[in-house]
Amino acid sequence: MDLETSTTNIRILKKLTIETNLEVFDSISELPKDIQELMTKAQEARENAYAPYSHFRVGAALRLVSGEIILGNNQENAAFPSGLCAERVAVFHAGATYPNIPITNLAITARSSKQTIKTPVAPCGACRQSLAEYEVKQKTPIAVFFMGEKGQVVKANSVKDLLPLIFDNSYL
Ligand code: THU
């Protein structure tokens, strides 16, 4: 096939630019007091992670509108895919225990025994999708704060800011 011919036949209808807004804080001490408290809970939960394979511990703490705090951490398994990320452990626990109480904030932190993580660790794609489900369900945004072991903290006002082109129940 002649490359020139093949490219000239392509007609792009339009190009889309996706923009997202995130806020970056220099450290946990710059956060509002209630979020500092939530991040401290996430750090405590992180230390209880079961991560014998990756040695990468993740802690998650979410706050419900009632004020209740729910924790999660990563739970690994010798059959690797059977494990689960911290964020989903937390959000599924909240969904199972308080199905009708909206989530307001989620704090996430990660620590590795191999290196000091100073850059914020964003939730993985599967966790973003799971979190998005609950945001759509409750019809109010969940603010997500994430960091490494120390250093800067990133804030997303909504899971939607972390997951453009969301797949939700409107397709079904
Ligand atoms: N992990 C999480 O808990 N959350 C994420 O968003 C990314 C990854 C866990 C899964 C696994 O136990 C370890 O971190 C290394 O990938």
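The values are calculated or read from the model by the stated rules, or taken from the named source; none is laboratory data. Since the model is a prediction, treat every value here as computed from it, not as a measurement. Virtual Cβ from ideal backbone geometry, glycine too; neighbours counted across all protein chains shown. Heads up: the accessible areas ignore ligands, DNA and RNA and are worked out on the full protein's heavy atoms, side chains in. Shrake-Rupley method; radii C 1.70, N 1.55, O 1.52, S 1.80 Å.
Of all the criteria given as (1) open to solvent by less than 40 Å² (accessible area, probe 1.4 Å); (2) within 15 Å of the ligand (Cβ to nearest atom); (3) in a loop (DSSP other than H, G, I, E, B), the one not satisfied by residue 145 is (3). Going by the structure shown, is residue 132 over 24 Å from residue 28 (Cα atoms), at pLDDT 95 or above and under 13 Å from the mean Cα position of the chain (by Cα)? The answer is yes for residue 132. The residues of region 102-125 that are more than 15 Å from the ligand (Cβ to nearest atom) and within 19 Å of residue 163 (Cα to Cα), listed by number, are 103, 104, 105.
Go over the candidates 99, 81, 164 one by one and state the one that is more than 16 Å from residue 57 (Cβ to Cβ) and open to solvent by 80 Å² or more (accessible area, probe 1.4 Å). Break it down into steps so the answer makes sense when it comes.
Numbers: 99 fails: open to solvent by 80 Å² or more (accessible area, probe 1.4 Å); 164 fails: open to solvent by 80 Å² or more (accessible area, probe 1.4 Å).
The unique qualifying residue is 81.
Determine, yes or no, whether residue 126 is among the small types (Gly, Ala, Ser), in a strand (DSSP E or B) and in contact (Cβ under 8 Å) with a residue 40 or more places away in the chain. Spelling it out, it is not the case that residue 126 is among the small types (Gly, Ala, Ser), in a strand (DSSP E or B) and in contact (Cβ under 8 Å) with a residue 40 or more places away in the chain.
Got at least one residue in region 131-140 being part of a helix (DSSP H, G or I), of a type in the set (Ser, Thr, Tyr) and open to solvent by less than 40 Å² (accessible area, probe 1.4 Å)? Break it down into steps so the answer makes sense when it comes.
So the first thing to find is which residues in region 131-140 are part of a helix (DSSP H, G or I), and the list is 131-138.
Next, only the ones that are of a type in the set (Ser, Thr, Tyr) stay: 134.
Then keep just the ones that are open to solvent by less than 40 Å² (accessible area, probe 1.4 Å); that gives none.
No, region 131-140 contains no residue that is part of a helix (DSSP H, G or I), of a type in the set (Ser, Thr, Tyr) and open to solvent by less than 40 Å² (accessible area, probe 1.4 Å).
Going by what's in this entry, would residue 150 be described as more than 12 Å from the ligand (Cβ to nearest atom) and modelled with pLDDT of 95 or more? So residue 150 fits the description; yes.
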